[in-house]
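Since every read-out is calculated from the coordinates, none of them should be taken as a lab result. Note that this is a predicted model, so its numbers are computed, not measured. Because the Cβ atoms are built from the backbone with ideal geometry, glycine has one as well, and the counts that use them run over all protein chains shown.
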Amino acid sequence: MSKQQFSFGDKSYQAMLFDMDGTLIDNMMIHHEAWRVALAEHGIHMTLDQVKAEIHGVNHEILGRLFGEQFSTEQAEKFAYDKESAYRRIYANEIVLIDGVQNFLDSAKELGVPMAMATAAPVENVDFVFDKLPIAGYFSAVKHAGDVSRGKPDPQVFELAAEAIGVDVKECLIFEDSVTGALAAENAGADAVIITTTHNEDEFAAVGGIVKFAAHYLQLKIAAG
């Protein structure tokens, strides 16, 4: 595909890739609290600010950094499963899209923009979101934690998502909320839009390729060409 599909600001792109947590739904503080409680039960006491700074990537990488070889594979999988189950229970009655998401996705669909989701979340959490919110139909491909061997800031999940929709990842505009996600976009050679649900703008000072910061999607517009 060589034809540019849409413009954002003064640049043109062929496709959009979306992170999920903190980017389409404002849920990261719930994740952080679930992690804080789960870790405390295993003797690791962290503040919410510490969790926010240090808990990133796919679950097996997080547990490896924190516990090393302390857990067997089965124990680590159970820990992660229990934490994610708790998150879904807590959030089930609160989950909503970030303001403007639906209209923004509609605009992209009307322009024929290829879209994919690329998240570090496990497939159960993706299914949870798709069951609760009417957005699955916008994405031609979904890549999640079960599809990758390396979590963000490695660009693997974005590369796989772009490949799945037949677009060079460097021609994609990536939507993210986290510093590690923004770094993954930079490492992929792609531009990024940052939704500031989780981090302040100044936390991204060392990250390149960011073309816009926005509190929500009502502040974002795309056009043909």
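Which listed residue (GLY151, HIS216, ASN27) has the Cα farthest towards the positive end of the charge dipole for the chain, taking +1 on Lys and Arg C-beta and -1 on Asp and Glu C-beta about the Cα centre? Of the options given, the answer is HIS216.
FRET efficiency for the SER12 to GLN75 pair, using the beta carbon distance and R₀ = 45 Å, is estimated at 0.40. Helical content of the chain, expressed as a calculated mean residue ellipticity at 222 nm, amounts to -11500 deg cm²/dmol (DSSP H runs of 4 or more residues, -39,500 (n - 2.57) each, divided by residue number, nearest 500). Annotation: amide H of ILE174 within the under-5 Å range of LEU17, ASP191, ALA192, VAL193, sequence separation 5 or more or interchain, hydrogens built in the peptide plane. At full extension, LYS212 and ALA92 could sit 40.2 nm farther apart than now, given 0.36 nm per residue minus the alpha carbon distance.
Between GLN50 and GLU163, the modelled label-to-label distance comes to 3.8 nm, taking each label 7 Å out from Cα in the direction of the beta carbon. Couplings for the stretch 25-35, taken from phi via the Karplus curve 6.51 cos²θ - 1.76 cosθ + 1.60 with θ = phi - 60°, read 10, 8, 10, 5, 5, 5, 4, 4, 5, 4, 5 Hz in order; Gly and Pro are left as x. Taken as Cα centroids, the stretch 132-209 and the stretch 24-50 sit 22 Å apart, rounded to the nearest whole angstrom. Computed log10 I(q)/I(0) for the chain at 0.11, 0.18, 0.19 Å⁻¹: -0.52, -1.39, -1.54, from the Debye equation with unit scatterers placed on every C-alpha and solvent omitted. In terms of distances greater than 21 angstrom between alpha carbons, the cross-link table entries LYS11/LYS109; LYS11/LYS170; LYS170/LYS212; LYS132/LYS212; LYS11/LYS212; LYS52/LYS152 yield LYS132/LYS212.
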